[in-house]
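Taking it in order: structure first as structure tokens, then the write-up.
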Amino acid sequence: MKKPVKVLITGAAGQIGYALAPQVARGAMLGPDQPVILHLLDIPPAAQSLEGVKMELIDAALPLLAGVLTTTDVDEATQGVEVAVMVGGFPRKAGMERKDVMAKNVSIYKSQASSLEKNAAQGVKVLVVANPANTNALILKENAPSIPAENITCLTRLDHNRALGQVAEKVGARVTEVKNVIIWGNHSSSQFPDVAHGTVGGKPIKEAIEDDEWLKGEFVSTVQQRGAVIIKMRGMSSALSAASSACDHMRDWIHGTPSGTFVSMGVFSDGSYNAPKDIVFSFPVECKGGRWSIVQGLQIDDYTAGKLKATGEELVEEKALALQ
Ligand code: NAX
């Protein structure tokens with residue numbers, strides 16, 4: 001039996017946490033033979049609910065679950081973790097300015113960054129889910145200088161998976177037949193879902209669909225606005241799909257992407273494809289040996305370049321707001 005891996009989930013009493021914890025404990029993130037010890041963190045008002053989540057995890061008798069720690073103490077939660085999924089954050093409430101929400105999250109991510117830096121296992125891999133995901137990840141990186149920048153990422157895999165799903169639905173294919181879509185930029189409505197390099201059943205998506213108007217119009221806006229539509233339909237934001245995508249993100253990062261397949265991850269920008277440097281930007285990446293690398297050499301037309309510029313500018317603006 002392998003040694004259990006300690007996995008931190010912050011905001012674990014929330015919607016995504018509730019969906020994510022059992023998926024991790026069933027091996028969806030680290031593999032079907034990898035035991036885990038879950039470190040579940042939330043804030044004091046959610047402490048009782050967090051205990052309830054722990055009780056359910058015990059009741060589910062999950063074979064890979066080697067332990068559950070529930071706590072409202074950040075330093076206890078980050079102790080020895082090899083994987084950290086940062087779901088906790090401050091939501092935007094009615095009447096709140098964007099900069100006020102940002103300030104709240106900056107302060108959360110600063111203190112959690114310091115705690116991870118102090119207590120996490122060397123080589124900890126961090127995935128930020130909480131919004132504004134790219135900028136929270138950037139704040140975390142800035143405040144945990146001893147954690148390598150390449151170990152800090154944010155979730156745009158849900159948007160990527162939404163794009164795969166839309167293409168599959170449109171052509172009536174299984175989602176596994178759709179490959180190499182890209183989400184560029186911010187996990188916000190400025191993101192650009194791009195199918196120019198994607199295939200379905202081995203055929204370029206553009207040839208399989210032959211409807212440029214749909215690909216440039218409805219497809220893009222459906223992926224960009226999907227989160228808002230789910231809120232309208234469910235009365236709550238995406239949780240099942242966010243949790244599932246977080247597992248996909250970490251699994252591919254750790255175990256690798258299949259040869260010739262790339263996925264979208266929010267990673268620290270090196271300026272590839274003219275994206276601004278020193279922000280967390282979603283790129284197409286390949287993963288091997290526990291490391292990601294940005295797929296290079298894709299042809300970018302003027303239309304796409306304009307979309308990348310716009311989402312990059314939004315991220316630069318967010319960064320300025322966060323650093324105020
Ligand atoms: P919930 O409000 O259900 O849960 C958030 C949890 O975080 C709560 O239990 C809260 O008590 C806790 N929390 C707040 N401050 C904390 C702190 N300082 N330390 C630890 N825990 C803290 O939200 P949920 O629906 O689970 O969404 C969580 C986050 O994911 C939100 O920021 C949301 O906007 C974001 N999302 C990001 C997505 C992505 O693709 N990157 C998609 C889904 C989701 O919208």
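Bear in mind these aren't lab numbers, they're just calculated from the coordinates by the rules spelled out. It should be emphasised that the depicted structure is a prediction, and the values quoted were computed from it without experimental measurement. FYI the Cβ positions are ideal-geometry reconstructions off the backbone, even for glycines, and counts take in every protein chain you see.
What does the charge count near ASP252 come to, summing +1 for each Lys or Arg and -1 for each Asp or Glu among other residues with Cβ under 14 Å from its Cβ? Spell out each step's value before the answer.
Details: positive: LYS125, ARG157, LYS179, ARG251, LYS288, ARG291; negative: ASP248, GLU286.
Taking every other residue near ASP252 into account, the sum is +4.
Within the range 128-197, report the trypsin sites (Lys or Arg not before Pro) that DSSP leaves as loop and that have at most 15 other Cβ atoms within 10 Å. Could you put the intermediate results ahead of the total?
On the way: sites: LYS141, ARG157, ARG162, LYS170, ARG174, LYS179; in loops: ARG174.
Hits after loop and neighbour filter: ARG174.
Filter the trypsin sites (Lys or Arg not before Pro) in the range 270-324 to those in DSSP coil with at most 14 other Cβ atoms within 10 Å of their Cβ, and list the result.
Numbers: sites: LYS277, LYS288, ARG291, LYS307, LYS309, LYS319; in loops: LYS277.
Counting only loop positions with at most 14 other Cβ atoms within 10 Å, the trypsin sites (Lys or Arg not before Pro) in the range 270-324 are LYS277.
Along the range 28-35, what does the Karplus equation 6.51 cos²θ - 1.76 cosθ + 1.60 (θ = phi - 60°) give for ³J(HN,Hα), rounded to whole Hz, x for Gly and Pro?
So the J values, rounded to whole Hz, are 5, 9, 10, x, x, 10, 10, x.
Along each of the three principal axes of the Cα atoms of the range 169-313, give the extent in whole Å, ordering the values from largest to smallest.
Principal-axis extents of the range 169-313 (Cα, largest first): 36, 33, 33 Å.
Excluding ASP211 itself, what net charge comes from residues whose Cβ is under 15 Å from its Cβ, given Lys and Arg +1 and Asp and Glu -1?
Details: positive: LYS170, LYS203, LYS206, LYS216; negative: GLU169, GLU207, GLU210, ASP212, GLU213, GLU218.
Combined, the nearby Lys, Arg, Asp and Glu give -2.
Hey, what do the phi angles of the range 212-217 turn into as Karplus ³J(HN,Hα) couplings, whole Hz, using 6.51/-1.76/1.60 and θ = phi - 60°, x for Gly and Pro?
Each residue of the range 212-217 in turn: 4, 5, 5, 5, 8, x Hz.
Give the dimensionless ratio obtained when the Cα radius of gyration of the range 1-139 is divided by 2.2 N^0.38 Å.
Values: Rg = 14.8 Å, N = 139, 2.2 N^0.38 = 14.3 Å.
Against the compact-globule rule of thumb, the ratio is 1.03.
Setting aside same-chain residues fewer than 8 positions from LYS288, which aspartates and glutamates have a Cα under 17 Å from its Cα?
Output for LYS288: GLU150, ASP248, ASP252.
Across the Cα atoms of the range 237-311, what radius of gyration and what greatest pairwise Cα-Cα distance (Dmax) are found, in Å?
Radius of gyration, then largest Cα-Cα span, for the range 237-311: 13.6, 36 Å.
Sum up the charges of everything whose Cβ sits under 15 Å from the Cβ of LYS99, counting Lys and Arg as +1 and Asp and Glu as -1, but leave LYS99 out. Kindly include the intermediate steps, with their values, before the conclusion.
On the way: positive: ARG92, LYS93, ARG98, LYS104, LYS319; negative: GLU97, ASP100, GLU314, GLU317, GLU318.
Counting the neighbours of LYS99, the net charge comes to 0.
May I ask for the longest run of the chain untouched by GluC sites (Glu not before Pro) that are loop-located per DSSP and have at most 12 neighbouring C-beta atoms (other than their own) within 10 Å?
Details: sites that count: GLU97, GLU210.
In the chain, the maximal stretch lacking such sites is 211-324.
Report the semi-axes of the equivalent ellipsoid for the chain in whole Å, largest first, where each axis is √(5λ) for an eigenvalue λ of the Cα gyration tensor. Each step should come with its number before you reach the end.
On the way: eigenvalues 187, 101, 74 Å².
Semi-axes (√(5λ), whole Å): 31, 22, 19.
Just in the range 32-114: which trypsin sites (Lys or Arg not before Pro) are loop by DSSP and have at most 16 other Cβ atoms within 10 Å?
Values: sites: LYS54, ARG92, LYS93, ARG98, LYS99, LYS104, LYS110; in loops: ARG92, LYS93.
Loop-located and lightly packed - ARG92, LYS93.
Cross-link partners among lysines for LYS141, C-alpha distance below 16 Å, same-chain residues fewer than 8 apart left out?
Answer for LYS141, where 16 Å is the Cα cut-off: LYS110, LYS118, LYS125, LYS277, LYS319, listed by chain and number.
Go ahead and estimate [θ] at 222 nm for the chain from helices alone: -39,500 (n - 2.57) per DSSP H run with n ≥ 4, summed, over the residue count, rounded to 500. The partial results should precede the final answer.
Numbers: 11 runs with 140 residues, N = 324.
Rounded to the nearest 500, it is -13500 deg cm²/dmol.
Given +1 on the Cβ of Lys and Arg, -1 on the Cβ of Asp and Glu, and no further charges, what dipole in debye does the range 1-112 carry about its Cα centre, rounded to the nearest 20? Don't skip to the answer; put the middle values down first.
Working: 11 positive and 11 negative charges, 79 e Å.
That gives a dipole near 380 debye.
State to the nearest 20 debye the size of the charge dipole of the chain about its Cα centre, where the only charges are +1 on K and R beta carbons and -1 on D and E beta carbons.
Working: 32 positive and 35 negative charges, 81 e Å.
Taking the Cα centre of the chain as origin, the dipole is about 380 debye.
Among the lysines, which have Cα under 26 Å from the Cα of LYS232 when same-chain residues fewer than 8 positions away are ignored?
Reachable lysines: LYS93, LYS99, LYS104, LYS170, LYS216.
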